[in-house]
Amino acid sequence: MNIGVFASGRGSNFQAILDAIDRRVLTARVSLLVSNKSDAGALEIARTHAIPALHLSQKQFPDEQAFAAALLQRLREHEVQLIALAGYLKKIPTLVVREYKNRILNIHPALLPAFGGHGMYGHYVHEAVLASGAKLSGATVHLVDEEYDRGPILLQKAVPVERDDTPESLAARVLRVEHEIFPLALKAFTENKVLFNERSAWIQ
Ligand code: GRF
């Protein structure tokens, strides 16, 4: 299966996907890496692995429609069948969500539906978890619809919140489970083991 990875940042989840492919845990190929940031670490990772990498941002286009059309064209050129949002901080254009319905997965660094939504990314998530007094956090892989962090949840793994945690220490603990569960969720897709309806998704 050809996976298109979208990433805005350093790309450690992208790297975890590549590692899972190398270890043959995941039988797939990353056929395209898309980043909205020209200086994203993920672009560099793609280049070192000779994976086609693209800096594409809505800012380069007059409107969302034009951006979506360009994105879809590139996805088709690279025969992308499944999209993995690995720390991608922008909303996916509606046209792309429709074209790839139930074939876009996102990793979120908390246990959704709590601590998600617009503006809930990076350290903001971990700060909110600590401020809430929650004793568990974790990572969530979910299917992407037209709202931030709202589509059906596919896979979650919890980690404890420790008394002396800082946003950084909690982020590091959560990141370890992100690297574990994102490749597993993609694997389930490649093996056709995902069942879903409008509200939820399960791995068979
Ligand atoms: C991860 O915490 C991911 O859950 C979130 O953004 C971060 C990206 O990290 N959506 P990386 O670029 O994969 O290292």
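The values are calculated or read from the model by the stated rules, or taken from the named source; none is laboratory data. Keep in mind that what you see is a predicted model, and the values were worked out from it rather than measured. Every residue, glycine among them, receives a Cβ derived from its backbone with ideal geometry; neighbour counts consider all protein chains shown. We work out accessible area using only protein heavy atoms, side chains counted, and drop any ligands, DNA or RNA first. Shrake-Rupley method; radii C 1.70, N 1.55, O 1.52, S 1.80 Å.
Report, by residue number, each residue of region 1-28 that is open to solvent by 20 Å² or more (accessible area, probe 1.4 Å), part of a loop (DSSP other than H, G, I, E, B) and either near the ligand (Cβ under 8 Å from one of its atoms) or under 18 Å from L89 (Cβ atoms) (or both). Answer for region 1-28, where residues must be open to solvent by 20 Å² or more (accessible area, probe 1.4 Å), part of a loop (DSSP other than H, G, I, E, B) and either near the ligand (Cβ under 8 Å from one of its atoms) or under 18 Å from L89 (Cβ atoms) (or both): G9, R10. Determine if region 105-124 includes at least one residue that is more than 16 Å from the ligand (Cβ to nearest atom), part of a loop (DSSP other than H, G, I, E, B) and either touching a residue at least 24 places away in the same chain (Cβ under 8 Å) or of a type in the set (V, I, T) (or both). There is no residue in region 105-124 that is more than 16 Å from the ligand (Cβ to nearest atom), part of a loop (DSSP other than H, G, I, E, B) and either touching a residue at least 24 places away in the same chain (Cβ under 8 Å) or of a type in the set (V, I, T) (or both).
Scoring P160 on the criteria (1) at pLDDT 95 or above; (2) surrounded by 14 or more Cβ atoms within 10 Å (Cβ to Cβ); (3) away from the ligand (no atom under 12 Å from the Cβ) leaves a single failure, condition (2).
Residue pairs whose Cβ atoms lie under 8 Å apart, separated by 6 or more positions or on different chains, with the first residue in region 165-191 and closer than 20 Å to Y100 by Cβ and open to solvent by 20 Å² or more (accessible area, probe 1.4 Å) and the second away from the ligand (no atom under 12 Å from the Cβ) and assigned to a helix (DSSP H, G or I), are K187/A20. Here is the figure for region 128-150: residues that are more than 13 Å from the ligand (Cβ to nearest atom) and either closer than 18 Å to S169 by Cα or without any contact (Cβ under 8 Å) to a residue 40 or more places away in the chain (or both) total 10.
The number of residues in region 46-70 that are within 16 Å of L89 (Cβ to Cβ), open to solvent by less than 20 Å² (accessible area, probe 1.4 Å) and part of a helix (DSSP H, G or I) comes to 1.
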